[in-house]
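The values are calculated or read from the model by the stated rules, or taken from the named source; none is laboratory data. Computed from a predicted structure; not experimentally measured. We place every Cβ from the backbone using ideal geometry, glycine too, and count neighbours over all the protein chains shown. The area values use the complete protein model at the heavy-atom level, side chains included, leaving out ligands, DNA and RNA. Shrake-Rupley method; radii C 1.70, N 1.55, O 1.52, S 1.80 Å.
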Amino acid sequence: MDLAWYALLGLFFAGYLVLAGYDYGVGLLLARGGGGAARRREALTALGPFFLGNEVWLVAAVGILFGAFPMLEGELLSGCYPAVVGALVGVILVTVGVQLRSRPDDERIRARWDRVVMVGSALASLGWGVVLAALLQGVPRQADGHVAGVSHLATPFAAAVGLAMVALVAVHGATFLALRLPAQPAAVVGRTARRLVPVALTAVALATVVGLLSARVRDAVQRPAVAVLLPVLLVAALLAARAALARRRPGWALAATGAALALPVVLVGAALWPYVLVSTTDPGASLTVADAAASAPTLRLLGWVALPLLPALLGFQAMCWWVFRGRTDGRAPVYW
């Protein structure tokens with residue numbers, strides 16, 4: 001039962017990164033100078049029907065974390081609170097900026113809200129990347145369950161993974177716009193997405209090399225083969241996305257970039273198993289999934305609540321994509 005709930009937690013958080021990832025990617029791309037206010041408005045219009053529903057996956061993941069893994073929730077928040085707070089502030093800034101930018105008629109005020117969305121997107125992407133890096137490299141957990149400080153967040157590996165997450169999100173957002181915008185601007189942003197793929201590949205390669213050279217990561221990882229295989233799959237997903245973009249198949253490209261964003265979550269869960277937090281100071285203080293989970297009666301009770309949650313969320317997302325299918329000018333895109 002512990003494994004099932006751990007997998008469900010990973011599924012919800014990976015789903016959040018895949019779906020909200022293109023929200024933040026679009027926000028990052030607002031910094032492009034070409035097209036001015038009209039292009040920024042067009043990009044946010046393409047995003048509009050989806051971004052609030054995408055954030056629900058984060059709420060569901062946090063609910064499972066608090067209910068099914070209360071000990072992990074406490075350790076994670078105490079040991080990674082600067083990154084978690086930064087990511088949540090970014091989420092809030094994106095949500096507020098997207099909704100409030102359309103209220104005033106003054107383009108200067110709208111431009112300020114656009115900058116808020118850009119900053120929020122960067123904070124959210126960087127923050128979640130650093131959290132995943134912190135889990136993968138271990139935390140200084142003491143025998144009494146206390147995590148000593150937050151200095152483990154300021155490592156080259158954490159910085160490399162955070163920047164890699166920003167690059168992956170940017171590619172994902174550009175691919176989403178290639179699918180949703182009218183044909184002419186979609187072709188332009190599609191070229192941008194293809195140019196961003198090598199940037200993302202470089203960032204992923206850098207994070208992988210830094211991780212392989214890091215004693216922290218080598219000591220924390222329980223399955224080295226998995227830790228090597230999954231970055232290879234991530235690179236393959238990015239290459240597949242670039243090939244699909246070159247063939248003007250943005251649907252396949254979006255599926256590939258989505259897989260690239262889900263793989264870091266799979267990497268953390270699979271490489272650390274059976275641990276969820278590995279202590280870098282006291283091996284005996286490492287926290288296993290079984291130790292972090294709530295009691296069996298609590299998990300069974302939560303199951304009655306969570307069991308219908310996944311099909312409901314999947315159904316809602318499918319309905320949104322069906323209702324708002326096609327490009328923003330009303331023309332059907334070439335999905336596949």
Q. Of all residues in segment 109-134, which are open to solvent by less than 40 Å² (accessible area, probe 1.4 Å) and either modelled with pLDDT under 90 or more than 23 Å from LEU163 (Cβ to Cβ) (or both)?
A. ARG110, ALA111, ASP114
Q | Pair list, Cβ under 7 Å, 6 or more apart: segment 297-321 residue more than 27 Å from ALA46 (Cβ to Cβ) and part of a helix (DSSP H, G or I), other residue open to solvent by 40 Å² or more (accessible area, probe 1.4 Å) and modelled with pLDDT under 80 | A | LEU299/MET1
Q) What are the pairs, 6+ residues apart or on separate chains, where a residue within segment 90-102 that is more than 10 Å from VAL116 (Cα to Cα) has its Cβ under 6 Å from a residue that is open to solvent by less than 20 Å² (accessible area, probe 1.4 Å) and not charged (D, E, K, R)? A) VAL91/ALA124
Q: With respect to VAL188, determine if the residue is of a type in the set (A, V, I, L, M, F, W, C), open to solvent by 10 Å² or more (accessible area, probe 1.4 Å) and more than 20 Å from ALA14 (Cα to Cα).
A: yes
Q. Among the numbered criteria (1) touching a residue at least 60 places away in the same chain (Cβ under 8 Å); (2) crowded, with 23+ Cβ neighbours inside 10 Å, which single criterion is violated by THR45?
A. (2)
Q) Just to be sure, is GLU55 among the acidic types (Asp, Glu), within 25 Å of VAL305 (Cβ to Cβ), open to solvent by 10 Å² or more (accessible area, probe 1.4 Å) and touching a strand residue (DSSP E or B) at 6+ places or on another chain (Cβ under 8 Å)? A) no
Q) Name the helices (runs of 4 or more DSSP H) wholly within segment 175-276 that hold at least 3 residues that are more than 20 Å from the chain's Cα centre (by Cα) and closer than 30 Å to ASP329 by Cα? A) 183-213, 224-246
Q.
Looking at ALA227, ALA220, ALA241, ALA262 in this structure, which one is surrounded by 22 or more Cβ atoms within 10 Å (Cβ to Cβ), modelled with pLDDT of 90 or more and not basic (Lys, Arg)?
A. ALA241
Q.
Regarding segment 56-73, can at least one residue be identified that is of a type in the set (Gly, Ala, Ser), farther than 18 Å from GLY10 by Cβ and touching a residue at least 12 places away in the same chain (Cβ under 8 Å)?
A. no
Q) Any residue in segment 25-36 that is farther than 23 Å from ALA255 by Cβ, open to solvent by less than 30 Å² (accessible area, probe 1.4 Å) and in a helix (DSSP H, G or I)? A) yes
Q. GLY138 fails exactly one of the following numbered conditions: (1) at positive phi; (2) free of Cβ contacts under 8 Å to residues at least 24 places away in the same chain. What is the number of that condition?
A. (2)
